[in-house]
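*Asks:* Sending over a structure as structure tokens; questions will come in a sec.
The values are calculated or read from the model by the stated rules, or taken from the named source; none is laboratory data. Note that this is a predicted model, so its numbers are computed, not measured. Here the Cβ positions follow ideal geometry from the backbone for every residue, glycine too, while neighbour counts run over all protein chains shown. Areas reflect the complete protein model, heavy atoms only, side chains present, ligands, DNA and RNA absent. Shrake-Rupley method; radii C 1.70, N 1.55, O 1.52, S 1.80 Å.
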Amino acid sequence: MDAAEFRQRGKEMVDYVADYLEKIEKRQVVPDVEPGYLRPLIADCAPQDAESFEDVFKDIEKIIMPGVTHWHSPYFFAYFPAASSFPALLADMLCGGIGCVGFSWAASPACTELETVMLDWLGKMVNLPEEFLAGKDGQGGGVIQGSASEATLIALLAARTKIIRQVQSEKPELTEAEIMGRLVAYASDQAHSSVERAALIGAVKIKNVPSDDTFSVCGSALKKVLDEDKAAGLIPFFFCATLGTTSCCSFDKLLELGPICNKENIWMHIDAAYAGSAFICPEFRHLLNGVEFADSFNFNPHKWLLVNFDCSAMWVKKRSDLVGAFKLEPLYLQHHHQELFFLSGLQHWQIPLGRRFRSLKLWFVLRMYGVKGLQEHIRKHIRLSHQFEHLVLQDERFEICAEVVLGLVCFRLKGSNELNEALLKSINDAKKIHLVPCHLREKFVLRFAICSRTVESTHIKFAWQHISQLATDLLKTWEQNHHQQ
């Protein structure tokens, strides 16, 4: 394909993507395929001779689309949102076109510098304390990771290196292996599984701190676990606080937890993967109060801020803690500006060496929506979640299972877990809308997350009528079966 054909085909692809997104609600939200559907549809091995663009293009609808779950459908209410917008898609095209591998400042100065400035923009939008910003000569700064899971792992590894060096300087007789064997990380029993996974990769113990009746961790619960572990000779070193848990969007009590972590020399990382985007709205910023005690903070613009995947924003108070843990500089990565520019290489802030020019997406979206446009997007989703909550509360057969703060509603039929499992199965089997469940304590609960950029009040009403009708049908057959037994 030469540049002339690329111009033509590029325009065709843009039209295809625009049509796909404009007409997405006409597509069934979840595919009908069975596992292994794709292999019989394509050849056993790559073609020896080149095929035309037309051949490839016509196979998109024939082979790919039948197996796509349409995350951007206004009938998709599962997981959490996956952000997308036309400005972000255009920026991703430019990122692919430039095609740099921005591991160091010299490898692509704009790639490093724009990322640093965009993370300062974003930090200011959520009113992060000054220490987290790079500014012209700050100690902190932000970086784009691939996902919140990566950010948690990076924070844990940096905290581990920091504590090992501290303990060794105080007790030189202890080997690194002896210290490692005594390290303990902590997170809420509601925290995402990626926190446990980070501890597994970091080869340290992790303990769950029990959450209260609002599914939040409070200071007294953390203190109790810490006191027990210190008495047993263990070394607490890392706590991951969650703002907006995956199950029910609950918030750990930072103002209680932060001072304890600071006093006990424990690295506090805040995972606000979904909820963090809402903090750009002043009325939700109080949920971040206590961030001043944290060492690192992360949220995902690729969930709720119209920047498509992957774009996970992470800030640290002291970037030397990250660079100290990950810095290795062979000769071929050195350059004569590296001491002049404070972020000589964002490769020291992450696991991979290479990085894409992801900050272009942020730059396009923040400029083309503006803070006000993004605030309106967040507020609209939250209004729709309260609309759904209101519909649920009007039906005495149902109950709300956790406070609705942002764009997630946790609800269920009053009754057994089996009944609710059957309801979810009938909802997802019908394939008109898509939901996923969670467990809150012993209860099987349905999660209704406002996801699509294009979702409107009419889609919420449709979803509720659909759920309500399926519940009516289910309860009829359930009662009949019950009488027969």
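*Asks:* Could you compute how much accessible surface residue 161 exposes when probed at 1.4 Å, giving the result in Å² to the nearest 10?
*Replies:* 30 Å²
*Asks:* Carbon-plus-sulfur fraction of the accessible area of segment 372-483, 1.4 Å probe, in percent? List each step's numbers first, then the result.
*Replies:* On the way: 2760 of 5230 Å².
Of all accessible area on segment 372-483, carbon and sulfur atoms account for 53 percent.
*Asks:* Still on this structure, I have one more. Once phi is turned into θ = phi - 60°, what whole-Hz ³J(HN,Hα) does the Karplus curve with 6.51, -1.76 and 1.60 give for every residue of segment 185-194, x standing for Gly and Pro?
*Replies:* For segment 185-194, the Karplus curve yields 9, 9, 7, 4, 5, 9, 5, 5, 4, 5 Hz.
*Asks:* Normalised by the number of residues in the chain, what is the relative contact order in percent for Cα pairs under 8 Å and 6+ residues apart? Write out the running numbers ahead of the final one.
*Replies:* Numbers: 814 pairs, mean separation 103.8, N = 485.
Result for the chain is 21 percent.
*Asks:* What Rg and what Dmax come out for segment 372-483 when only alpha-carbon atoms are used, in angstroms?
*Replies:* Gyration radius and largest Cα-Cα distance of segment 372-483: 14.5, 57 Å.
*Asks:* Quick check: from the Cα gyration tensor, does segment 3-82 come out rounded (a/c under 1.5), prolate or oblate? The partial results should precede the final answer.
*Replies:* On the way: a/c = 2.85, a/b = 1.28, b/c = 2.22.
Oblate, because a/c is 1.5 or more while a/b does not exceed b/c.
*Asks:* Separation of segment 258-308 and segment 111-173 by C-alpha centroid, Å?
*Replies:* For segment 258-308 versus segment 111-173, the Cα centre distance is 13 Å.
*Asks:* What Kirkwood hydrodynamic radius do you get for segment 128-216 when you take the inverse of the mean 1/r over all pairs of distinct Cα atoms, in Å?
*Replies:* Working: mean 1/r = 0.0659 Å⁻¹.
Hydrodynamic radius (Kirkwood, Cα only) of segment 128-216 equals 15.2 Å.
*Asks:* Can you sort 197, 319 by 1.4 Å-probe accessible area, starting with the largest?
*Replies:* On the way: 197 150, 319 35 Å².
Result, largest first: 197, 319.
*Asks:* Going by accessible area, probe 1.4 Å, with all protein chains left in place, what is the ranking of 425, 361, 207, 26, largest first?
*Replies:* On the way: 425 125, 361 0, 207 70, 26 175 Å².
I get 26, 425, 207, 361, largest accessible area first.
*Asks:* Suppose accessible area is computed on protein heavy atoms with a 1.4 Å probe; arrange 238, 6, 57 from highest to lowest.
*Replies:* Working: 238 0, 6 125, 57 60 Å².
Final ranking, largest accessible area leading: 6, 57, 238.
*Asks:* At a probe radius of 1.4 Å, what is the per-residue accessible area of residue 379, in Å² to the nearest 10?
*Replies:* Looks like 70 Å² after rounding.
*Asks:* Using a 1.4 Å probe on the protein heavy atoms, what percent of the accessible area of segment 100-356 belongs to carbon and sulfur? Before the final figure, lay out the partial values.
*Replies:* Working: 5760 of 10110 Å².
Roughly 57 percent, rounded to a whole number.
*Asks:* Considering only protein heavy atoms and a probe of 1.4 Å, how much of the accessible area of segment 3-82 is carbon and sulfur, as a whole percent?
*Replies:* Working: 3170 of 5490 Å².
Carbon and sulfur together cover 58 percent of it.
*Asks:* Given only helices, namely DSSP H runs of n ≥ 4 each adding -39500 (n - 2.57), what is the per-residue ellipticity at 222 nm of the chain, to the nearest 500 deg cm²/dmol?
*Replies:* Counting only the DSSP helices, I get -14000 deg cm²/dmol.
*Asks:* Within a Cβ distance under 13 Å of residue 98, other residues only, what is the Lys/Arg minus Asp/Glu net charge? If you can, show how the numbers build up before the last one.
*Replies:* Numbers: positive: 355, 356, 358, 361; negative: 92.
Net charge in that neighbourhood comes out at +3.
*Asks:* One quarter of the convex hull surface, Cα atoms only: what value does that give for segment 100-356 in nm²? Don't jump to the answer; show the numbers that get you there.
*Replies:* Values: hull surface 55.8 nm².
With every direction weighted equally, the projected area is 13.9 nm².
*Asks:* Right, something else. In units of 2.2 N^0.38 Å, what is the alpha-carbon radius of gyration of the chain? Write out the running numbers ahead of the final one.
*Replies:* Working: Rg = 24.6 Å, N = 485, 2.2 N^0.38 = 23.1 Å.
Normalised by 2.2 N^0.38 Å, the Cα Rg of the chain equals 1.07.
*Asks:* Kindly report the accessible area of segment 3-82 per residue (heavy atoms of protein chains, probe 1.4 Å, no ligands, DNA or RNA), in Å².
*Replies:* On the way: 5490 Å² over 80 residues.
That works out to 69 Å² for each residue.
*Asks:* Related question: What is the distance in Å between the Cα centres of segment 50-96 and segment 406-478?
*Replies:* 26 Å
*Asks:* Further, regarding this structure: Which ³J(HN,Hα) values in Hz, rounded to whole numbers, follow from the phi angles of segment 401-407 under the Karplus curve 6.51 cos²θ - 1.76 cosθ + 1.60, where θ = phi - 60° and Gly and Pro get x?
*Replies:* Here the 3J(HN,Hα) series is 9, 7, 4, 8, 9, 10, x Hz.
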